[in-house]
Amino acid sequence: MATQPVMIKVWIGTAAVSAIALAGSFSPASAAIACKDGYQRVQGNYIATPYCQDELLTKVAREFGMKVSGSKIRWNPNYKRQVCLTVGNDIRVQEICRTVNPTIRGRSF
């Protein structure tokens, strides 16, 4: 009968060590979105997302000397329009800015 409490303690200790090792093996998922040239990597493929396109617009605008932030561009469409008026002719952001400042082609009445 004396061995039964020892066996329970050993089993509880082993279970605790296993639970700690199992919990340590899981790493938290990276919450940061990785963007490359306006595209986001999703399941091994690059797709255009509004977040990454806004980040690219921010990067280009900073290269032009503007003090901009990605969150301000995302949450304020008028600010995005102003930024596009300044840097929209850059080939890297022409497609992004085309949605904000569409050009009217053809004859207008």
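Here, each number is a calculation from the coordinates, and none is a lab measurement. Remember, it's a predicted structure, so these values are computed and weren't measured experimentally. As a convention, Cβ positions derive from the backbone with ideal geometry for all residues, glycine included, and neighbour counts pool all protein chains shown.
Kindly rank 51-57, 71-77, 35-41 from highest to lowest mean number of other beta carbons found within 10 Å of each residue.
Numbers: 51-57: 20.9, 71-77: 14.0, 35-41: 15.9.
The peptides rank, most packed first, as 51-57, 35-41, 71-77.
Tally Lys and Arg at +1 and Asp and Glu at -1 over the other residues with C-beta under 15 Å from the C-beta of I47: what net charge comes out?
Working: positive: K36, R41; negative: D37, D54, E55, E95.
With Lys, Arg at +1 and Asp, Glu at -1, the net is -2.
Let me check I have the definition right: for the stretch 50-109, take the eigenvalues of the Cα gyration tensor, multiply each by 5, take square roots. What are those semi-axes in whole Å, largest first? Spell out each step's value before the answer.
Numbers: eigenvalues 89, 29, 20 Å².
They are 21, 12, 10 Å, listed largest first.
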